[in-house]
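Enquirer: Below is one structure. I have some questions about it.
The values are calculated or read from the model by the stated rules, or taken from the named source; none is laboratory data. Small disclaimer: the values here were computed from a predicted structure and weren't measured. Methodologically, a virtual Cβ is constructed for each residue, glycine included, from the backbone with ideal geometry; neighbour enumeration extends over all protein chains shown. The protein model used for the area step is the full one, side chains on, heavy atoms only, and it has no ligands, DNA or RNA in it. Shrake-Rupley method; radii C 1.70, N 1.55, O 1.52, S 1.80 Å.
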Amino acid sequence: MDRRQFLTAAVAGGAAASLVSPSAEAQVSPVQTSARIVIIGAGAGGTALANRLVRRLEGAQITLIDPRREHLYQPGLTLVAAGLKPGGYVVSDTAKWLPEGVTWLPERVVAVDAEAKTVSTESGETLGYDWLVVAPGLVLDHDAIEGFSLDMVGENGIGALYAGPEYAARTWAAASRFVEDGGTGLFTRPSTEMKCAGAPLKHTFLIDDIARRAGNAGRMNMVYAAPQATLFGVPIVAEKVRMLFEDRGVDTMMNRTLTGIDAGARRATFATGSGSEEVEYDYIHVVPPQRAPDFVRRSGLSWADRWTDQGWVECDMATLRHLRYPEVFALGDVAGVPKGKTAASVKWQVPVVEDHIVAGIEGREGTETYDGYTSCPMITRIGRAMLVEFDYHDNLVPSFPGMIAPLEELWISWLMKEVALKATYNAMLRGRA
Amino acid sequence: MQDLTFETLIAVFEEIFGRGLFWFMVAAAVLVTFGYFYVLIRDREVSWKKFLVAQLSMPVGAVLAVWFVMVMTDSRLADLGGPIDIILFLGIAVTGAIGMAILVYTLEALLGTKRTKGEADI
Ligand SMILES: Cc1cc2nc3c(=O)[nH]c(=O)nc-3n(C[C@H](O)[C@H](O)[C@H](O)COP(=O)(O)OP(=O)(O)OC[C@H]3O[C@@H](n4cnc5c(N)ncnc54)[C@H](O)[C@@H]3O)c2cc1C
């Protein structure tokens, strides 16, 4: 039953009857195998996949490699950077999410040899694999912004909420001073692909809303600066955001890429295409360029002709299977697909990778495909959001058509972000959603 | 899994409240409902006196439920933005009201005075 049928059934009052049918998954008995499966990264994608694979396979050797002992619920960072949640809201133990029966190697992967089918770690250990899932997320290239370093966050009107819970909290410290004092706020985003492209917009909307609530709307000069020509990758959403910005009095500076800051002088430098431009600020939100971890490119897993500065894994956009190495899959932020650097995409990608690996082990072809589903509860003020969901084709694919209008600012969409998103994310990590 | 199944819903609710609290609440709701049916069967009728007090408690339940949701989610009444929000809001209020009424009725019948226990009616 898909979501639409579910809703129709619920509305028709037939939900109770249809709800109790066991899921298809529960009826399938585990596949016997001795396959060695290595998953690089125990973030959203790697953890969810491991939890699902242990249920589908019996006897498989599943190894997750990730040096990070703390799991970060990244969608919560936006709320931390608006003072709505403490930093601890996004942090949990990696170990807590890992299922019995998988091996966790707390190390950093430094190379993959896809010809020899081995993975090497920082300590020099080498593991062979039959199936490899590359899910190390992405790297925030803060050094690409001249004059900026992470230790500046929280002081002198500098915010950078992507950098983690501590930095998100420090971002709020700087932003809250700004909403009290007023002035010019610069909200940026990078020219590269990025995770949750809505997050910089959300931060802009939230800080604007908080300033309004403090009665300081008149003293704020809010400016959203972006390297792109439009405010969002999906045209219909871009148009809606443009209207909301107009309504809130948020100015835009399009085709401007942040290249550097002078923290002392509170001046930002943007590349304009034909030259550079300096803009003074009282608060700046820095979102740095984002790239695949170095080992991905060094190991020859990246696209040769696309995103050459970013290094995303070359893979089929429907199956996430590597185009040159069929036993390798990309999952999550690192995947070189046109859309989908969100946890919501991960939720839809995991069953696809799972299906193709299990099918491969059984010696048949998998059937599941991913169509670029991404979603982003676009917060437009505290208490309201738009539930924007779309696919590779820039089509809106609302989960609740006719009930939750995708481009409408709604309380219910806010509730989803505040209450249901983390719960759904956690359920996904456990392989149950 | 792209399907929204019963298991997914349960999993999400367990995550929202914590496994223990969620099942405790389910158990409490089931207990109160059983208690309600128990007193209905025991007394063989709906006591309109008890029902009156229960009814009076309904607005309290409605307000409490709405207040709880608003506080927990940093929201205000002004955030209601469309028909679905109003429906959800009313749904929360109605759930709170009905829950409170059943709770009050059941407690009255189980713990109350002679009058509310339906023995003497003076
Ligand atoms: C501010 C912000 C807001 C967001 N908002 C939303 C939202 O509203 N909705 C939404 O759906 N998504 C949102 N996201 C995106 C979402 O969090 C990510 O898309 C998702 O976490 C990606 O999952 P992943 O498994 O690919 O990577 P991650 O969850 O980042 O995990 C990658 C893991 O790989 C590990 N790793 C890295 N390099 C190596 C290596 N060399 N060796 C071994 N391990 C390695 C890391 O330690 C990490 O644990 C947001 C993200 C941010 C930053």
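Enquirer: Quick one: what are the phi-derived ³J(HN,Hα) couplings along the range A:111-128, Karplus 6.51/-1.76/1.60 with θ = phi - 60°, whole Hz, x for glycine and proline?
Expert: Once rounded to whole Hz, the list reads 7, 10, 10, 6, 6, 7, 6, 9, 10, 10, 10, 4, 7, x, 6, 10, 10, x.
Enquirer: Related question: For chain A, what does the relative contact order come out to in percent, with C-alpha contacts under 8 Å and a separation of six or more?
Expert: For chain A, the relative contact order is 16 percent.
Enquirer: Suppose all protein chains stay in the model; what accessible area per residue would a 1.4 Å probe give for the range A:354-424, in Å²?
Expert: On the way: 2320 Å² over 71 residues.
Accessible surface, normalised per residue, equals 33 Å².
Enquirer: Using a 1.4 Å probe on the protein heavy atoms only, what accessible surface does A:His393 show? Give it in Å² to the nearest 10.
Expert: We get 110 Å² for A:His393.
Enquirer: Of the residues A:Leu49, A:Leu244, A:Leu98, which exhibits the maximal mean-square fluctuation in a Gaussian network model of chain A defined by a 10 Å Cα contact cut-off?
Expert: For chain A, modelled as a Gaussian network with Cα springs under 10 Å, the answer is A:Leu244.
Enquirer: Find the percent of Cα-Cα distances in the protein assembly as shown that exceed 48 Å, and round it to a whole number. Walk me through the numbers on the way to the answer.
Expert: Working: 27412 of 153735 pairs.
Across the protein assembly as shown, Cα pairs with separations above 48 Å total 18 percent.
Enquirer: What nm distance separates the two modelled labels at A:Ser34 and A:Glu246, each placed 7 Å from Cα along Cα→Cβ?
Expert: Once both label points are built, they end up 6.8 nm from each other.
Enquirer: Would you mind telling me the antiparallel percentage of the DSSP bridges in the protein assembly as shown, rounded to 5? Let's see the in-between values first.
Expert: On the way: 34 of 70 bridges.
Given both bridge residues lie in the protein assembly as shown, the antiparallel proportion sits at roughly 50 percent.
Enquirer: Right, something else. Can you tell me the dipole magnitude for chain A around its Cα centre, using point charges on the Cβ only (Lys, Arg +1; Asp, Glu -1), in Debye to the nearest 20?
Expert: The dipole magnitude comes to about 960 debye.
Enquirer: Next up: Have a look at A:Thr252, A:Thr126, A:Thr367 and tell me which one the Gaussian network model of chain A (Cα, springs below 10 Å) gives the largest fluctuation.
Expert: Comparing A:Thr252, A:Thr126, A:Thr367 in a Gaussian network model of chain A, the most mobile one is A:Thr367.
Enquirer: Run the simple label-point estimate for B:Ala29 and A:Thr259 please: 7 Å along Cα→C-beta, distance reported in nm.
Expert: Between B:Ala29 and A:Thr259, the simple spin-label model gives 5.9 nm.
Enquirer: Tell me the carbon and sulfur percent of the accessible area for the range B:6-113, rounded to whole percent, probe radius 1.4 Å.
Expert: 81 percent
Enquirer: Can you give the average number of partner chain beta-carbon atoms within 10 Å of each beta-carbon in peptide A:345-358, as a whole number?
Expert: What the average comes to for A:345-358 is 1.
Enquirer: A further question on this structure: A:Glu70 versus A:Ala111, label points 7 Å from Cα toward the beta carbon: distance in nm?
Expert: Taking the simple label geometry, A:Glu70 and A:Ala111 are separated by 3.2 nm.
Enquirer: Hey, what angle do you get for helix B:48-72 against the long axis of chain B, alpha-carbon based, 0 to 90 degrees rounded to 10?
Expert: 20 degrees
Enquirer: Let me ask something else about it. Please compute the net charge surrounding A:Gln32, taking Lys and Arg as +1 and Asp and Glu as -1 over other residues with Cβ under 12 Å from its Cβ.
Expert: Net charge around A:Gln32: -1.
Enquirer: Let me ask something else about it. So how much accessible area does A:Met254 have, in Å² to the nearest 10, using a 1.4 Å probe?
Expert: 30 Å²
Enquirer: Still on this model: Would you mind working out the accessible area per residue for the range B:34-84, using a 1.4 Å probe, and quoting it in Å²? All intermediate terms of the calculation are to be shown ahead of the outcome.
Expert: Details: 3370 Å² over 51 residues.
Accessible area per residue: 66 Å².
Enquirer: Which entries of A:Lys85/A:Lys339; A:Lys195/A:Lys422; A:Lys240/A:Lys339; A:Lys85/A:Lys240; A:Lys202/A:Lys417; A:Lys195/A:Lys417 have Cα-Cα distances beyond 22 Å here?
Expert: Numbers: A:Lys85/A:Lys339 28 Å; A:Lys195/A:Lys422 17 Å; A:Lys240/A:Lys339 19 Å; A:Lys85/A:Lys240 28 Å; A:Lys202/A:Lys417 12 Å; A:Lys195/A:Lys417 17 Å.
Flagged as over cut-off: A:Lys85/A:Lys339; A:Lys85/A:Lys240.
Enquirer: Right, another one. How big is the gap, in Å, between the Cα center of the range A:393-414 and the Cα center of the range A:274-324?
Expert: A separation of 29 Å, based on Cα centres.
Enquirer: Right, next: Sorted by mean Cβ packing within 10 Å, highest first, what order do the peptides B:38-50, A:326-338 take?
Expert: Those peptides, ordered most packed to least, come out A:326-338, B:38-50.
Enquirer: When a/c reaches 1.5 or more, the comparison of a/b and b/c decides; with that in mind, is the range A:292-334 rounded, prolate or oblate per its Cα gyration tensor?
Expert: prolate
Enquirer: Dividing the Cα convex hull volume of the range B:6-113 by residue count, how many Å³ per residue is that?
Expert: Roughly 138 Å³ of hull volume per residue.
Enquirer: For chain A, set up a Gaussian network in which alpha carbons nearer than 10 Å are linked by springs, and say which option among A:Gly249, A:Gly273, A:Gly300 fluctuates the most.
Expert: A:Gly273
Enquirer: Follow-up question, since we're still on this one. Based on Cβ point charges of +1 for Lys and Arg and -1 for Asp and Glu, what charge dipole magnitude is obtained for the range B:6-113 about its Cα centre, in debye rounded to the nearest 20?
Expert: 460 debye
Enquirer: If A:Asp355, B:Asp74 are ordered by their accessible area, calculated over protein heavy atoms with a 1.4 Å probe, which sequence runs from highest to lowest? Spell out each step's value before the answer.
Expert: Numbers: A:Asp355 20, B:Asp74 55 Å².
Result of the area sort, largest leading: B:Asp74, A:Asp355.
Enquirer: Mind checking A:397-407 for the average number of partner chain beta-carbons within 10 Å of each residue's beta-carbon? Mind dumping the intermediate values first?
Expert: Values: counts 0, 0, 1, 1, 0, 1, 5, 3, 4, 0, 0.
Rounded to a whole number, the mean comes out at 1.
Enquirer: Interface size between chain A and chain B, please: total buried accessible area, 1.4 Å probe, rounded to the nearest 100 Å².
Expert: When A and B are taken together, about 3000 Å² of accessible area is lost.
Enquirer: Quick one: dipole size for the range B:1-66, taken about the Cα centre, charges +1 on Lys/Arg Cβ and -1 on Asp/Glu Cβ, in debye to the nearest 20.
Expert: Charge dipole, the range B:1-66, about its Cα centre: 500 debye, nearest 20.
Enquirer: Only helices at least 15 Å long along their axis, Cα-based, and averaging -1.0 or more on Kyte-Doolittle count here, so list those DSSP H runs from chain A. Please report the intermediate quantities before stating the final value.
Expert: Working: long enough: A:44-56 (19 Å, -0.10); A:165-181 (24 Å, -0.52); A:199-213 (21 Å, -0.16); A:235-248 (20 Å, -0.13); A:343-362 (28 Å, 0.53).
TM-like helix candidates: A:44-56, A:165-181, A:199-213, A:235-248, A:343-362.
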